[in-house]
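So the structure is just underneath, and the comments pick up after that.
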Amino acid sequence: MKQQISNIVIAVIISGTALYGLGAFEKKEMTYATVHFDGGFKKIGEIAEQRAFSKVKVTMGESEIYSGDIATVTSEIKQALAGEENPNDMVWKDGVNIKGNVGVSWIGSESRFELTTDTIDLTSTEKAPLKPLDIVVALETMDSTVKARHQEYAEEALSFSENPESAFLLSRILAALR
């Protein structure tokens, strides 16, 4: 009986030592990101890059007037208004449409993802004409907000877990035996 107990104790000690050596008892690093959004979730892996993004298009009918990120579009609008005598009184023609969005983008080890946090979709009409300077202010406000709050948006949308590759003990054992 004593021999059996001592064999069990020795087996437990050897097994525990092997597991400890393989890192089974180490605190797991939670670096594997999953984005949660209105439509569900997407696993993006370990994040290599996070940044604020913006996309804007100003069109009239099928013709594109301006497009690009907010800095590009607002710069082009300001440049177009520079030659005007009273830029504050300028309005866009009926049918000029502005569409855009801002948000946070991630590049992960498995995929990319863009989370839209704010949008703009306005059309200049005869009854409610759009003023280019008002649009510049609105776009710059959207841009500064997403840049100031992108980390907050990320904390709300992301959850972290252990990398699935490192979670499988058998793969660790096989790697240790190689």
Restricting to segment 107-127, count the residues that are crowded, with 17+ Cβ neighbours inside 10 Å and either touching a His at 6+ places or on another chain (Cβ under 8 Å) or farther than 20 Å from Thr59 by Cβ (or both).
4
Contact list, first residue from segment 115-137 and under 15 Å from Asn101 (Cβ atoms) and assigned by TED's automatic domain parsing to the domain that holds Val35, second anywhere and modelled with pLDDT under 95 and small (Gly, Ala, Ser), beta-carbon distance below 7 Å, six or more apart or interchain, is Leu115/Ala157
Taking the condition touching a residue at least 24 places away in the same chain (Cβ under 8 Å), surrounded by 15 or more Cβ atoms within 10 Å (Cβ to Cβ) and closer than 21 Å to Glu126 by Cβ, does Asn88 pass?
no
Would you point out which residue out of Ile70, Ile65 is over 30 Å from Gly45 (Cβ atoms) and surrounded by 16 or more Cβ atoms within 10 Å (Cβ to Cβ)?
Ile65
Considering only segment 83-107, state which residues are out of contact with any helix residue (DSSP H, G or I) (no Cβ under 6 Å at 6 or more places or on another chain) and within 15 Å of Ala52 (Cα to Cα).
Gly100, Asn101, Gly103, Ser105, Trp106, Ile107
So in segment 128-155, with the set limited to residues that are farther than 23 Å from Asp69 by Cβ and surrounded by fewer than 12 Cβ atoms within 10 Å (Cβ to Cβ), which one is modelled with the highest pLDDT?
Ala128
Scan segment 67-77 and give yes if some residue there is more than 19 Å from Thr117 (Cα to Cα) and at pLDDT below 90, otherwise no.
no
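The values are calculated or read from the model by the stated rules, or taken from the named source; none is laboratory data. From a predicted model like this one, the values you see are computed outputs, not experimental measurements. As a convention, Cβ positions derive from the backbone with ideal geometry for all residues, glycine included, and neighbour counts pool all protein chains shown.
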